[in-house]
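Worksheet for the structure shown next.
Since every read-out is calculated from the coordinates, none of them should be taken as a lab result. Source: prediction; values computed, not measured. Because the Cβ atoms are built from the backbone with ideal geometry, glycine has one as well, and the counts that use them run over all protein chains shown.
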Amino acid sequence: MERIKSIDPYTTFVIAGNVVSSIGIVFANKLVFKNFGWNFGTTLTFVHFTITFLGLVICAKLGVFMVKTIPIRSVLPMSFAFCGFVVLNNLSLQYNSVGFYQA
C-alpha cells in the first residue's frame with residue numbers, strides 16, 4: 001500500500017486564503033451593487049484589476065515570487081478571456097442574487 005504524502009501547511013493556508021478571499025470579494029461586490037446602488041460594474045472591475053496589480057508588484061518587490069518575462073502574443077488570448085470572465089461575472093453579480101451567482 002502506497003503511503004499518502006502529507007500536505008504542506010503553507011499550501012493548505014494559501015488554498016484556504018484563496019477560497020475565503022474569493023467568497024469575500026463576491027459578498028463585497030454584492031454589497032456595493034445592492035446597498036450602495038453602485039451600477040458601474042466595469043469600473044469596479046478596473047478597481048479590482050488595479051488593486052491586484054499593485055498587490056502583485058508589492059509581492060514581487062518582497063521576493064514572494066520571481067518575475068518572468070514571456071512574449072505578449074502567447075499571453076494575450078488568455079488575458080482577454082480572463083478580462084471578459086471578470087467583467088461578465090461582475091455583471092452577473094450585479095443583476096443576480098449571491099446564491100444564484102454561486103450556483
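Find which of Thr43, Val75, Phe100 sits farthest along the positive direction of the dipole of the chain, computed with +1 on the beta-carbon of Lys and Arg, -1 on that of Asp and Glu, about the Cα centre. The one lying farthest along the dipole's positive direction is Val75.
With the simple model of a label 7 Å out from the Cα in the direction of the Cβ, Ile70 to Ser21 spans 2.0 nm. Mind checking which of Ile58, Ile70, Ile23 has the largest fluctuation in a GNM of the chain, springs on alpha carbons under 10 Å? Looking only at Ile58, Ile70, Ile23, the biggest GNM fluctuation is shown by Ile70.
Exposed loop sites here are chymotrypsin sites (Phe, Trp or Tyr not before Pro) in DSSP loop states with at most 12 other C-beta atoms within 10 Å. What is the longest stretch of the chain lacking them?
66-103
The charge dipole of the chain, taken about its Cα centre with unit charges on the Cβ of Lys, Arg, Asp and Glu (plus for the first two, minus for the last two), comes to roughly 120 debye. Relative contact order of the chain: 42 percent, from C-alpha pairs under 8 Å at least 6 residues apart in sequence. Helices that extend 20 Å or more along their long axis by alpha-carbon positions and average at least 1.0 on the Kyte-Doolittle scale are, among the DSSP H runs of the chain, 41-61, 72-95.
Shape of the chain from the C-alpha gyration tensor: oblate (a/c of 1.5 or more and a/b not above b/c, with a ≥ b ≥ c the square roots of its eigenvalues). Overall dimensions of segment 38-91, expressed as equivalent-ellipsoid semi-axes from the Cα gyration tensor (√(5λ), whole Å, largest first), are 24, 17, 7.
Taking trypsin sites (Lys or Arg not before Pro) in DSSP loop states with no more than 10 other Cβ atoms inside 10 Å as exposed sites, the chain has its longest site-free stretch at 6-67.
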